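Working notes, structure below.
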Amino acid sequence: MPMRPRTRFIWLLICWLLSAGTGWAEQPAAGQFLIASRDLQGPAFGETVILLLDYSDKGAIGLIVNRQTQLTHADLLADSGADSAYSGRVYLGGPVELDSLRVLQRTTQPPENSVEVLDGVHMIGINQTRLGTLAGDDSSLRLYLGYSGWGPGQLDDEIARGSWHVIPATKELVFARDPRNTWQQLVPAQQFLVLATPSAHRAKTLN
């Protein structure tokens, strides 16, 4: 009997992570996913997948990649009177500074004033003028209102408590066609990887 698409996706992801050598990311870093655990509840981060943009001893910043809003690019340009050539939706990046905007672009050519977050995914510096020049759809370009942030040591404490699990991010999942399913797809893979790790590591991860 052939695998259902969701089951096939999970197994492909598991195989890819295990074949990557590290398989499991012990420490958070830019370009990795934070997967909310099933025990993490609440409207801010429940069932979220966050792409880390920066991580250091000063804190961490990331974007929720699986919360699409009903806002459009045109809504953001309403006050400026500019026309919109971008047809994608706007995403909620997190609860911090909801009046701020960040853009992720999937491209092999680094855009001007951009930072590569992971292979083939760049965060673009944005202002109102540049916002009006964006074109395309959300298969390669995504707009995020707000961001997710942690102070020094805060994210490490939350990971130690089991609120988050860390795995390598992929551009395919950052730009998933239906991001509403991303968390549901990643949670079973994360649980399998915990069971597949050596017992000492597993105890550290689960505690």
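For residue 164, the conditions (1) more than 13 Å from residue 33 (Cα to Cα); (2) in contact with a helix residue (DSSP H, G or I) (Cβ under 8 Å, 6 or more places away or on another chain); (3) at pLDDT 90 or above; (4) of a type in the set (Phe, Trp, Tyr) are fulfilled apart from (1). Once the range 150-191 is narrowed to residues that are polar (S, T, N, Q) and under 19 Å from residue 61 (Cα atoms), the residue that is surrounded by the fewest Cβ atoms within 10 Å (Cβ to Cβ) is 154.
Restricted to the range 117-136, and to residues there that are surrounded by 14 or more Cβ atoms within 10 Å (Cβ to Cβ) and at pLDDT 90 or above, the residue that is nearest to residue 168 (Cα to Cα) is 118. Among the residues making up the range 86-100, those that are modelled with pLDDT of 90 or more and outside any strand (DSSP E or B) are 93, 94, 95.
Within the range 137-171, restricting attention to residues that are part of a helix (DSSP H, G or I) and more than 11 Å from the chain's Cα centre (by Cα), the residue that is farthest from residue 99 (Cα to Cα) is 160.
Considering the range 52-85, the residues that are in a loop (DSSP other than H, G, I, E, B), modelled with pLDDT under 95 and surrounded by 14 or more Cβ atoms within 10 Å (Cβ to Cβ) include one that is farthest from the chain's Cα centre (by Cα), namely 82. Selection of first residues in the range 45-57 that are over 16 Å from residue 154 (Cα atoms) and of second residues that are hydroxyl-bearing (Ser, Thr, Tyr) and surrounded by 17 or more Cβ atoms within 10 Å (Cβ to Cβ), restricted to Cβ pairs under 6 Å at least 6 apart or on distinct chains, gives the following pairs, ordered by first then second residue: 49/182. Filtered by the rule that a residue be in a loop (DSSP other than H, G, I, E, B) and of a type in the set (Ser, Thr, Tyr), the range 102-123 gives 107, 108.
The values are calculated or read from the model by the stated rules, or taken from the named source; none is laboratory data. These numbers were taken from a predicted model, which means no experiment stands behind them. Note that each Cβ is placed from the backbone with ideal geometry, even for glycine, and that neighbours are counted across all protein chains shown.
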